[in-house]
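Peer 1: Pasting in a structure now, in structure tokens, and then I'll have a few things to ask.
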Amino acid sequence: MTRDALLVVDIQNDFCPGGALGVPEGDVIIPRINQLMQSHTLVALTQDWHPADHHSFASAHPGAQPYETISMSYGEQVLWPDHCVQGTQGAEFHPDLDTRPAQLIVRKGTDRAIDSYSAFRENDHRTRTGLAGWLREHEVRHLLLCGLATDFCVLWSALDARAEGLEVTVLLDVCRGIDLDGSVARALEEMRQAGVRLEESS
Ligand code: VGL
Ligand code: ZN
């Protein structure tokens, strides 16, 4: 039997409208996500969780502007507005998200020098969060993904889940994207190429 788990990515105040890195309609998906959590026995949440001087913040690079891309030791990095700083209101889960059904919360992006879009590995593609081991111990074969943002944390998590040998389904109606210069369309194509199933949650 294939065992499913649901991974809910970064439903935090800063990624919702009005937040520091607000994703358009980021909050409209929350009621449906709450329903989905009720129908899965294994649920994990991710929480973007940066120190205040994180290197993915434009503010850490004198003269740089948010949404510019720079080169870091591990590759290209988009510079973001300060967001999801540990312990701040912006880093909290959105108040409408019912976090009670979740067994695991994976915090990521805690190393000031490395960003971490994926729930599995930091952006150096090496440092692991422990999520793959947790899924293996629960004998999960199929991971369902929803949340924010389609073109960054959902994308990278889905690709890494495939690399871990999991079957992966991204539930598109319960995701929303940032969309920098067509990055949502590129993300969908990359996921398709990697064998990620793109479906609706109904
Ligand atoms: C995310 C940009 C920076 C995301 C996190 O959750 O997609 N995007 N940090
Ligand atoms: Zn971040």
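Peer 1: Separation of the range 8-65 and the range 105-172 by C-alpha centroid, Å?
Peer 2: The distance from the Cα centre of the range 8-65 to that of the range 105-172 comes to 14 Å.
Peer 1: With charges set only on the Cβ (+1 for Lys and Arg, -1 for Asp and Glu), what does the dipole of the range 51-114 come to about its Cα centre, in debye to the nearest 20?
Peer 2: Details: 4 positive and 8 negative charges, 39 e Å.
Using only the charged Cβ atoms, the result is roughly 180 debye.
Peer 1: Loop by DSSP (not H, G, I, E, B), at most 11 other beta-carbon atoms within 10 Å: where is the longest site-free stretch of the chain for GluC sites (Glu not before Pro)? Show your work: numbers first, answer last.
Peer 2: Numbers: sites that count: 139, 200.
The answer is 1-138.
Peer 1: Turning to a different aspect of this structure: Using mean Cβ contacts within 10 Å as the protection proxy, how do 100-113, 45-58 order, highest first?
Peer 2: Details: 100-113: 16.7, 45-58: 21.3.
Result, highest mean Cβ count within 10 Å first: 45-58, 100-113.
Peer 1: A further question on this structure: How large is the direction-averaged shadow of the alpha-carbon convex hull of the chain, in nm²?
Peer 2: On the way: hull surface 42.2 nm².
That works out to 10.6 nm², a quarter of the Cα hull's surface.
Peer 1: Farthest toward the dipole's positive end in the range 118-202, which of 146, 178, 195, given Cβ charges of +1 (Lys, Arg) and -1 (Asp, Glu) about the Cα centre?
Peer 2: 195
Peer 1: Would you mind checking the radius of gyration and Dmax of the range 91-202 based on alpha-carbon positions, in Å?
Peer 2: Over the range 91-202's Cα set, Rg and Dmax evaluate to 13.8, 40 Å.
Peer 1: Loop-only check: which trypsin sites (Lys or Arg not before Pro) in the range 125-202 are DSSP coil with at most 14 other Cβ within 10 angstrom? All intermediate terms of the calculation are to be shown ahead of the outcome.
Peer 2: On the way: sites: 126, 128, 136, 141, 162, 176, 186, 192, 197; in loops: 126.
Of the trypsin sites (Lys or Arg not before Pro), the ones in loops of the range 125-202 whose Cβ has at most 14 other Cβ atoms within 10 Å are 126.
Peer 1: Of all the C-alpha pairs in the range 114-160, what % are more than 18 Å from each other?
Peer 2: Values: 303 of 1081 pairs.
More than 18 Å apart: 28 percent of the Cα pairs in the range 114-160.
Peer 1: Something else now. Place a +1 charge on the Cβ of each Lys and Arg in the chain and a -1 charge on the Cβ of each Asp and Glu, then give the dipole magnitude about the Cα centre in debye, rounded to the nearest 20. Please report the intermediate quantities before stating the final value.
Peer 2: Details: 16 positive and 30 negative charges, 122 e Å.
Charge dipole, the chain, about its Cα centre: 580 debye, nearest 20.
Coordinate-derived values only; no laboratory data. Since the model is a prediction, treat every value here as computed from it, not as a measurement. Virtual Cβ from ideal backbone geometry, glycine too; neighbours counted across all protein chains shown.
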